[in-house]
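Below is one structure; the comments refer to it alone.
The values are calculated or read from the model by the stated rules, or taken from the named source; none is laboratory data. Being a predicted model, the structure only gives us computed values, none of them experimental. Methodologically, a virtual Cβ is constructed for each residue, glycine included, from the backbone with ideal geometry; neighbour enumeration extends over all protein chains shown. To get the accessible areas, we keep the full protein, side chains included, count just its heavy atoms, and leave off ligands, DNA and RNA. Shrake-Rupley method; radii C 1.70, N 1.55, O 1.52, S 1.80 Å.
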Amino acid sequence: MKLHWFLISAICLFGLCKPTQGLFDGLSLQDYIDNFVDAAKFKINGILSLNDSTVNRIWSYFKSKYGRAYSSLDEEKQRFRIFQNHLRYVLESNLEKLRTFQLELNEFADWTIEEFNSLKKGLIPSTNLRRHMSYDGNNYEDSVRRSLNKLYQHHYYLRRLKRNMIYRKHHEKYNDRRGFSNWLWNLVNPDSNNNNNNNNNNNVSPQPTSSFDWRSKNVVSGIKDQLKCGCCYAFATAAVLESLYAIKTNSKTVIELSPQQITDCSSNGNNGCSGGNFPPSIRYISGQGNKLATLASYPYAGRKQTCKTTGINEINLGNVQYKPIPESDEKTMAEALVNNGPLFIGLDADSQLFMFYKAGVLSISNCPTARQDMDHAMVVVGYGYDSTLRMSYWIIKNSWGQKWGENGYLRLVKDKSNMCGIASMAYYAKLT
């Protein structure tokens, strides 16, 4: 009998201690933290104070949930310090009153912000944007300084990642020479003012209302994850085009297109996993006879590969025409969204608030809006109004997986001084 109870106890203990993903399915890291920590009780004189035992338990849970194993004790200590800072930031932010959004600690909790910027973004604005700028000298210098700082950090941390990150063999294939590419900002194929609107079959109102969402019309594909490759521009371009093709053909299903083909094959302004933009992506597609491969025939690999030219199924999209939205003009942006389809946008997402966004309407004080500060590409699919918060918002499709944000989506405050550059580098397109 004693042996029987001993075996039962051993099995239970093994089950509790075994660090497998299955043990944590359905319970997010933030759920664990919130169940374990009443952050308000740890706030003393306005400063969050967590004891070592509490932080160590959360750290152990994080490593088990995401299967973290570090190359050395020194690296683990370094990652632990980064984790502590992010933990404190998220808990303190969620305690602030009058916040219209919530944050959560997630799989990026042991990454530096610079590493996150290098691997989860990838929008490169044009170097000749200065002639489009109209701010005064001090603001201009500040903006240039931010851009150069981002560029320096990108170079430094990509080199460091090659030495230290867990998936070293994956990162060795990244190009760590990201820079501002020299292409003409406005080399576009101008649409002759108002070639036929292709949305007639969708019964779209020609003027924006208080809410609009292309997802309700079944022309938006599911959320994707760009993994550890700075090719957000490719995901955003593919997402825009697959929605426009569904609108054009009045299809009840969305044919998903390949961001991998754009990452592998487009150049002259794009640089694989080290960044790119919408105009060079469209120029590449136009040069291919307005064709782009399906996702099924050219699947995503999470890294740049040799360009495939055979054995793929390409969709003839028709003539792709596009135009930039006038800078800071959110009204025109809303009209273009309704009349044409989802929009390619750039955002300045250089903030922990983006990194750990969970839900709500994001609004950031003093968020940069200059075009040259835009560092992440996403897709606007709609807008709405939150009656509880009394705020209008944009509905934005991201490429960081379904577990980030609101099932992969972000709500960003609308009509509030071009928040984070939502209308600084936005494009609409048409398929004719």
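Observations, loosely collected:
- Checked against (1) under 14 Å from the mean Cα position of the chain (by Cα); (2) open to solvent by 30 Å² or more (accessible area, probe 1.4 Å), I396 meets all criteria but (2).
- No other residue among N290, N271 is on the phi > 0 side of the Ramachandran plot and crowded, with 17+ Cβ neighbours inside 10 Å apart from N290.
- Among the residues of the range 310-319, those identified as without any contact (Cβ under 8 Å) to a residue 40 or more places away in the chain and not in a strand (DSSP E or B) are T310, G311, N313.
- Any helices (runs of 4 or more DSSP H) falling wholly within the range 41-127 and containing at least 3 residues that are modelled with pLDDT under 95 and touching a strand residue (DSSP E or B) at 6+ places or on another chain (Cβ under 7 Å): 73-95
- One residue alone among Y322, Y233, Y300 is within 26 Å of A349 (Cβ to Cβ), in contact with a helix residue (DSSP H, G or I) (Cβ under 7 Å, 6 or more places away or on another chain) and either at pLDDT below 95 or part of a helix (DSSP H, G or I) (or both), and that residue is Y233.
- Leading residue by the ranking (most open to solvent (accessible area, probe 1.4 Å)) among those in the range 225-256 that are out of contact with any Lys or Arg (no Cβ under 7 Å at 6 or more places or on another chain) and of a type in the set (G, A, S): S251
- Scan the range 269-297 for residues that are of a type in the set (S, T, N, Q), under 15 Å from A377 (Cα atoms) and in a loop (DSSP other than H, G, I, E, B) and the total you get is 3.
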